[in-house]
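Beneath this line is the structure, given in structure tokens, with notes to follow.
The values are calculated or read from the model by the stated rules, or taken from the named source; none is laboratory data. Since we're looking at a predicted model, the values are computed, not measured. Reconstructed Cβ throughout: ideal geometry from the backbone, glycine too, with neighbour counts over all protein chains shown. Just the protein is used for accessible areas: all its heavy atoms, side chains included, with ligands, DNA and RNA removed. Shrake-Rupley method; radii C 1.70, N 1.55, O 1.52, S 1.80 Å.
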Amino acid sequence: MGIWTKARCRRRNICVRFWVVLVLGAAACLLLTQPAQAQQPARPNFVLIVSDDHGCELGCYGNPVIRTPNLDRLAAEGTRFEFAFCTTASCSPSRSVILTGMHSHANGTYGLQHSYHHFQSFDNIKSLPVYLQEAGYRTILAGKLHVAPESVYRFEHVVQGVNPRSTVEMAERCRELLSQQSDRPFFLYFCPTDPHRGGGRVEGSPYRPDRFGNREKPYPGVNEVVYDPRDVIVPPWLPDTPTCRAELAQYYRSISRMDQGIGRLMDILRETGHWERTVVIYISDNGPPFPGAKTTVYEPGIRLPCIVRHPAAQRKGVVSQAMISWVDIAPTILDMAGLRVPSTMQGRSFARILEEENPPGWDEVYASHTFHEVTMYYPMRVVRERRFKLIWNIAWPLPYPFASDLWEAATFQDRLALGLDTPYGRRTLRQYIHRPQFELYDLEADPFEARNLADDPAYADVLARLKAKLREFQEKTGDPWILKWERE
């Protein structure tokens with residue numbers, strides 16, 4: 001054999017040995033990593049409950065009259081946020097923010113989705129259920145969606161044939177899907193209609209028609225809780241009148257009904273073996289369905305309940321002072337699922353502060369409201385710190401518009417019949433309808449936003465600082481209404 005032939009053989013043998021060693025080494029590494037991978041915890045399930053027009057009327061939020069034992073128990077087992085805010089107090093825009101992690105002016109849902117209002121998110125938006133399904137989650141919708149288009153807000157399963165005001169029934173309709181044996185985790189988006197206005201009347205009632213879906217015949221599985229109007233708590237932003245008390249009693253009743261449905265859903269999670277690896281989050285889309293809350297960016301409209309129960313949390317019954325926003329919900333769920341938070345999302349995850357009472361760096365939130373109904377153009381932008389809050393009423397020369405259900409509210413009509421200078425909570429009706437361009441409030445001294453400091457020279461520096469913050473927020477989030485600083 002020649003010298004060159006022997007050399008080629010030696011090189012070939014060396015190459016063969018090299019590849020054998022490489023393959024065996026890779027196989028060994030794979031075997032060594034298998035036990036570690038097997039020990040990794042399974043990804044959690046998620047149940048995101050979004051009620052309809054519910055403020056902080058809960059026992060765990062300090063209301064001594066209302067009976068909400070199931071949500072109170074959830075708070076005792078998890079974290080209750082004292083300063084949680086929607087970004088817009090209107091159903092469709094708020095729900096679009098919850099599911100996209102983007103402000104409504106950025107995702108395109110400027111107002112209500114249904115009927116002739118026809119506001120929808122941009123086609124290129126990607127929502128939370130789509131991200132989760134792509135990551136292997138089963139995604140389930142039960143109840144109210146109220147956002148579009150379907151291609152953006154796509155769910156793998158939709159629970160059919162149930163009245164979303166009948167929350168016990170709605171929970172039971174989820175049982176079949178939750179009972180299925182699957183190695184895929186699930187995301188259940190559970191959205192009751194309660195306590196939104198709507199429905200028939202209570203026969204024999206001395207008050208106006210009941211607009212909260214209550215009826216004499218109880219909903220299946222519900223033990224109706226009926227409240228005496230004399231016992232309800234009238235918050236300072238509402239008028240303490242017999243009519244208002246009657247409506248609050250009806251409102252409380254629908255909340256207690258919803259609470260029972262949530263309790264049934266929690267039971268089903270336990271019975272199907274999911275409770276110990278399911279994160280449960282309870283929020284509402286916006287504040288109570290009364291003028292002064294819903295559709296406004298005043299505190300009753302945007303400051304809402306948020307309860308998070310994580311089965312892996314070491315601490316229970318935490319009361320967090322962190323200021324969080326609904327734009328943070330989608331990033332938090334993706335983070336808890338071990339997934340990357342897309343750069344397009346404008347919120348941030350609060351997963352890592354879930355067991356902290358006073359985490360640093362969570363001291364301000366922003367709000368962005370443009371429409372409710374299509375006829376209700378009244379854009380507002382808000383920056384809210386611990387102490388100070390600035391509201392920019394961009395269309396301030398216009399009278400403040402009313403949602404149809406709020407205009408028809410007996411509480412409002414009784415006051416309106418007495419004239420525009422009639423007190424309604426801490427304002428007159430005239431002050432409620434005709435608003436200045438800027439509203440600046442010191443929430444420590446004036447928690448019900450009754451004294452506007454925007455024209456007070458002593459607060460000129462605060463006003464300028466918050467205006468700058470608001471404009472920076474608009475720039476960062478691509479708000480088209482930023483041009484109003486220059487043009488109007």
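Which percent of Cα-Cα pairs in region 312-357 sits in each 5 Å bin, short to long?
Cα pair-distance distribution for region 312-357, in percent: 5, 21, 29, 23, 15, 6, 1.
What relative contact order, as a whole-number percentage, does the chain give when Cα pairs under 8 Å and 6 or more residues apart are counted?
20 percent
How far apart, in nanometres, would the label points at Arg340 and Asp421 be if each is projected 7 angstrom from Cα along the Cα-to-Cβ direction?
Here the answer is 6.4 nm between the modelled labels.
Label 7 Å along Cα→Cβ of Leu443; region 57-90 residues with amide nitrogen under 15 Å?
So the set is 81-89.
Going by amide H atoms built from the backbone, whose H comes under 5 Å of the H on Thr193, apart from near neighbours?
Long-range HN contacts for Thr193: Arg165.
Quick check: net charge around Ser320, other residues with Cβ under 11 Å of its Cβ, Lys/Arg +1 and Asp/Glu -1?
Spelling it out: positives minus negatives among the neighbours equals -2.
5 Å is the cut-off here: which amide hydrogens, built 1.01 Å from N in the peptide plane, fall below it relative to Phe187, excluding neighbours closer than 5 in sequence?
Sorted by chain and number, the residues that satisfy this are Phe46, Arg138, Thr139, Ile140.
Can you give me the pair-distance distribution of region 224-311, C-alpha pairs, 5 Å bins, whole percents?
3, 12, 16, 19, 18, 13, 9, 7, 3, 0
In the neighborhood of Val50, defined by Cβ-to-Cβ distances under 13 Å, what is the net charge if each Lys or Arg adds +1 and each Asp or Glu adds -1?
-2
With a 10 Å radius around each residue's Cβ, average the other Cβ atoms per peptide and rank 427-435, 415-423, 55-63, highest first.
55-63, 427-435, 415-423
Can you tell me how region 228-370 classifies by the Cα gyration tensor, rounded, prolate or oblate, using a/c under 1.5 as the rounded cut?
Here region 228-370 falls in the oblate category.
Going Cα to Cα from Lys144, which lysines come in below 20 Å? Please leave out same-chain ones fewer than 8 positions away.
Hits, sequence-local ones excluded: Lys126, Lys294.
What's the ranking of 309-316, 172-179, 70-77 by average number of surrounding C-beta atoms within 10 Å, highest first?
70-77, 172-179, 309-316
Whole-Hz Karplus ³J(HN,Hα) for region 360-374, in order, using 6.51 cos²θ - 1.76 cosθ + 1.60 and θ = phi - 60°, x for Gly and Pro?
Karplus-based 3J(HN,Hα) across region 360-374 equals x, x, 10, 10, 7, 9, 10, 10, 8, 10, 10, 10, 10, 6, 5 Hz.
Which value results when the Cα radius of gyration for region 131-183 is divided by 2.2 N^0.38 Å?
1.22
Taking the DSSP beta bridges in the chain as the whole, what percent of them are antiparallel, to the nearest 5?
Expressed as a percentage, antiparallel bridges in the chain total about 50.
Would you kindly derive the ³J(HN,Hα) couplings of region 331-337 from the backbone phi angles with the Karplus curve 6.51 cos²θ - 1.76 cosθ + 1.60 (θ = phi - 60°), listing them in order in whole Hz, with x for Gly and Pro?
Per residue, the Karplus-derived 3J(HN,Hα) values read x, 5, 5, 4, 4, 5, 7 Hz.
Run lengths n ≥ 4 of DSSP H only: what is the helix-derived mean residue ellipticity at 222 nm for the chain, with -39500 (n - 2.57) per run over all residues, to the nearest 500?
Result for the chain, helices only: -10000 deg cm²/dmol.
For Ser51, what residues show an amide H to amide H distance below 5 Å, using hydrogens built from the backbone and excluding near sequence neighbours?
Amide H neighbours of Ser51, under 5 Å, 5+ apart: Ile283, Ser284, Asp285.
Taking the Cα atoms of the chain, report the difference between the largest and smallest coordinate on each principal axis, in whole Å and largest first.
116, 57, 43
Largest first, what is the accessible-area ranking of Ser92, Ser404 with a 1.4 Å probe?
Ser404, Ser92
What percent does the relative contact order of region 122-262 come to when contacts are Cα pairs within less than 8 Å and at least six residues apart?
It rounds to 23 percent for region 122-262.
Quick one: Karplus J couplings for region 153-163, per residue in order, coefficients 6.51, -1.76, 1.60, θ = phi - 60°, nearest Hz, x for Gly and Pro?
9, 8, 10, 6, 10, 10, 6, 9, x, 9, 6
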